[in-house]
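Taking it in order: structure first as structure tokens, then the write-up.
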Amino acid sequence: MPLAPSASYFVQGLPFGLQASALPLYLRAEGVSLATLGYLSALASPWALKALWAPLVDRTAPGRLGRRKRWIVPMQVGLGLSLLGGAFVDVRTGLPMLLGLVFLANLFAATMDIAVDGLAVALLRDGELGLGNAAQVAGYKLGMMTSGGVLVYLSRDHGYSAVFVGMAVLVALATV
């Protein structure tokens, strides 16, 4: 499977790992109530609702970058910027802003997933689709583990801003 779709699947997993694993730990340490933490799963709603805008993404006419990349590149840039923005939000005064940025990160990642899946299907031959699906799942899960585990581990020495910056850097590398 080409590297570009594989790297894109990796960065798509970053927001979910953040939201499911890292964010609850961070917010609880900052004194956010358990009741508020219970609503964090709503931040992943773009993944459940992406079928609503998938036809738009899939049917958009090709531009200079091509039909799929015309969506992938801006979504990765938006993903990186929304994650980078999280590094500069003080949870005590800007919790709604932080949650909005995480929601946006999920929206960008879910939209990018539509285009990356289309690109993978266009690039792969019939006999390669199973391997492509395995790469998709493995890349996504590796992204989740990176943001929800590895970067959280590193946050104890560098703070949670480093988690957001680290994710933004990984997205930037995948975009390049």
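Could you give log10 I(q)/I(0) at q = 0.13, 0.20 Å⁻¹ for region 30-131, computed by the Debye formula over C-alpha point scatterers of equal weight, without solvent? Log10 I(q)/I(0), no solvent term: -0.58, -1.01.
Computed across the chain, the Kirkwood hydrodynamic radius from all distinct Cα-Cα pairs reaches 16.4 Å. Backbone geometry of region 12-29 corresponds, through the Karplus equation with coefficients 6.51, -1.76 and 1.60 at θ = phi - 60°, to 3J(HN,Hα) couplings of 5, x, 4, x, 5, x, 4, 5, 7, 10, 6, 4, x, 5, 4, 5, 5, 5 Hz, x marking Gly and Pro.
Note on region 92-176: Cα-only Rg and Dmax are 15.7, 53 Å. Modelled spin-label separation between residue 53 and residue 169, with each label point placed 7 Å from Cα along the Cα-to-Cβ direction: 3.0 nm. Modelled spin labels at residue 33 and residue 150, positioned 7 Å past Cα toward Cβ, are 3.7 nm from each other. Exposed loop positions in the chain were taken to be trypsin sites (Lys or Arg not before Pro) whose DSSP state is not H, G, I, E or B and which have at most 15 other beta-carbon atoms within 10 angstrom. Between these positions, the longest stretch is 1-63. For region 13-50 and region 103-176, what is the centre-to-centre distance using only Cα atoms, to the nearest Å? Cα centroid of region 13-50 versus Cα centroid of region 103-176: 17 Å apart.
Couplings for region 124-141, taken from phi via the Karplus curve 6.51 cos²θ - 1.76 cosθ + 1.60 with θ = phi - 60°, read 8, 7, 3, x, 9, 5, x, 5, x, 5, 4, 5, 4, 5, 5, x, 4, 5 Hz in order; Gly and Pro are left as x. Across region 163-176, coupling constants 3J(HN,Hα) worked out from phi with the 6.51/-1.76/1.60 Karplus curve, θ = phi - 60°, read 4, 5, 5, x, 5, 4, 5, 4, 5, 4, 5, 5, 5, 5 Hz, and Gly and Pro carry x.
A simple spin-label model places the labels of residue 42 and residue 64 4.0 nm from each other, with each point 7 Å out along Cα-to-Cβ.
Every number in this text was worked out from the coordinates using simple rules, so none of it is lab data. What you see is a predicted model; the values in this text were computed from it and never measured. Every residue, glycine as well, gets a Cβ built from its backbone with ideal geometry; the counts of neighbours run over all protein chains shown.
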